[in-house]
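Trainee: Structure in structure tokens, see below.
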Amino acid sequence: MAAIRKGTLSLELTPVLMGSAYKNKGIQKLLDAVVDYLPNPNEVENKALDLDNNEAPVILKAAADAPMIALAFKLEDGQYGQLTYIRIYQGTIKKGIELTNTRSGKRFKVGRLIRMHASSTEDISEAGPGDIVALFGIECASGDTFTENGLNYAMTTMYVPEPVISLAIKPVDKQSSDNMSKALNRFTKEDPTFKTFVDPESNETIIRGMGELHLDVYIERMRREYKVSIETGMPQVAYRETVTAAARFDYTHKKQTGGAGQYGRVAGILEPNGEQNYEFVDNIKGGVIPIEFIPSCDKGFKACLAKGKIIGFPIVGVKVTIDDGQFHPVDSSDIAFQQAADRRFLAGLRESEAGDIGADNEGGRGDPYGVPRQRVGQREPAARHNHLHYGREQFFIRGSRSPAERNVRLFDGAALADPGQGGVHDGVFEVQQGAVKHSRAVEEGGAGG
């Protein structure tokens, strides 16, 4: 036993024990191994970061008389408010002392200090280095550091990997919407691997986690604990529009309203640009467009990028070159050339074989080999099923779960079908080289995938 402990403390051995929490087998052996083989607080070198000294590492002492430093590592909602689990690394925490949350800078007094025994609690008056205790009614987040005596230290938190699966959720009524916001706020504070945000393009609420079971648990908790009625589905694809061939444009904007009118003519070339999302080139010669109106043309073209004419998604990968134009000494103005550029840009998209649509997802049909398919559907039920249940299917096929991560791998060409004839509005379009682009979302599994 002494040899195993020595090897464990030197990080040369890793004890492995078998058991089943569900059947309550091997649990006592595991707890005994924790006592027998793992280090006590005096045998571990713990470090904090000094926030007042460029986050310089500071070695902590497991001494009861040193200034108190503790890490909040778990949050729960209890009957008396938020229950915060803390691990004390240095010093002693007592009821009534004042602590500081170094992340937020807020100070608070310790009210109830408790030791947890499964679901039961035991009120205590103090706790020392190495103890894991809990506080009631403290507003904080998981990973916050508590200190006393003005210490501005922060403990290093555990590594949190990026989420690998996403799900769109939608409340069915106003009450569910309010309760869903409360639930998501609580879950993100409790679990650093659970992320949520509102997609600015689709306006969908997206939740992200480490796997389908991870998200299923939180969805069930929302329904059970917060009485939230929600609908779930795959996030909407972030399509992009662009051009596939160069086209000349020549547009004259004229408007007369009784007083000073508006006049501006802009001509040039609209073409694909694989290097940048947008590039504006001024090739005006001879002052046919005054220099003060050149930025107006650029501004007018930029204004069109936010919403394309095909399906209303942002336009990317275009180069606009202006090489000719005309102005009026009285009626030409900043707004006149903005309008000329705006309307000519949209017309130029149609003339340059516009309709090129890029998507960050091939309808949920991940293809690890990049082989083009004949039909691509975003809103197809089977396609939506593929990504969401990929890990589960791999479990049955291979006998193990592999982490599924969706990454853009390559782009293929596909032509936009006629809406109403299986077009993009129905979520299906035919593959045809050189027209509409979509990117394949590739499921990258573990070994043997």
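Bear in mind that the values in this text are calculations on the coordinates, not laboratory data. Here the structure is a predicted model, which means the values were calculated and not measured. Reconstructed Cβ throughout: ideal geometry from the backbone, glycine too, with neighbour counts over all protein chains shown.
Trainee: List the lysines whose alpha-carbon lies under 22 Å from that of Lys23, not counting same-chain residues fewer than 8 positions away?
Mentor: none
Trainee: Set the bar at 20 Å for Cα to Cα. Now go through Lys74/Lys195; Lys6/Lys47; Lys170/Lys307; Lys106/Lys189 and name every pair that lies beyond it.
Mentor: Details: Lys74/Lys195 16 Å; Lys6/Lys47 22 Å; Lys170/Lys307 24 Å; Lys106/Lys189 17 Å.
Where the Cα-Cα span goes over 20 Å, the pairs concerned are Lys6/Lys47; Lys170/Lys307.
Trainee: Sticking with this structure for a sec: Give the Rg/Rh ratio for region 241-356, taking Rg as the radius of gyration of the Cα atoms and Rh as the Kirkwood radius, to two decimals. Intermediate values should be presented prior to the final figure.
Mentor: Values: Rg = 13.8 Å, Rh = 14.1 Å.
Reported Rg/Rh (Cα atoms, Kirkwood Rh): 0.98.
Trainee: Starting from the amide H of Ile97, placed 1.01 Å from N in the peptide plane, find each other amide H under 5 Å away whose residue is 5 or more places distant or on another chain.
Mentor: Val110
Trainee: Asp144's amide H: which non-local residues (gap 5+, or another chain) put their own amide H closer than 5 Å, with H modeled 1.01 Å from N in plane and none for Pro or chain starts?
Mentor: Ala72
Trainee: A follow-up question, please. For a Förster distance of 56 Å, can you work out the FRET efficiency between the beta-carbons of Ile97 and Asn277, rounded to the nearest 0.05? All intermediate terms of the calculation are to be shown ahead of the outcome.
Mentor: Details: r = 55 Å, r/R0 = 0.98.
Step by step, r from the Cβ atoms, then E = 0.55.
Trainee: Another question, then. Would you order Arg107, Arg223 from fewest to most other beta-carbon atoms within 10 Å of each residue's own beta-carbon?
Mentor: Ranked by crowding around the Cβ, least crowded first: Arg107, Arg223.
Trainee: Cut-off is 10 Å between beta-carbons; in what order do Ile93, Ile27 appear when sorted fewest neighbours first?
Mentor: Ile27, Ile93
Trainee: Using a ≥ b ≥ c from the Cα gyration tensor of region 165-233 (square roots of the eigenvalues), is it rounded, prolate or oblate, where a/c under 1.5 gives rounded and otherwise the larger of a/b and b/c decides, a/b for prolate?
Mentor: Verdict is rounded for region 165-233.
Trainee: Related question: Please report Glu55, Glu275 as a ranked list, fewest other C-beta atoms within 10 angstrom at the top and most at the bottom.
Mentor: With the sparsest Cβ surroundings first, the list reads Glu275, Glu55.
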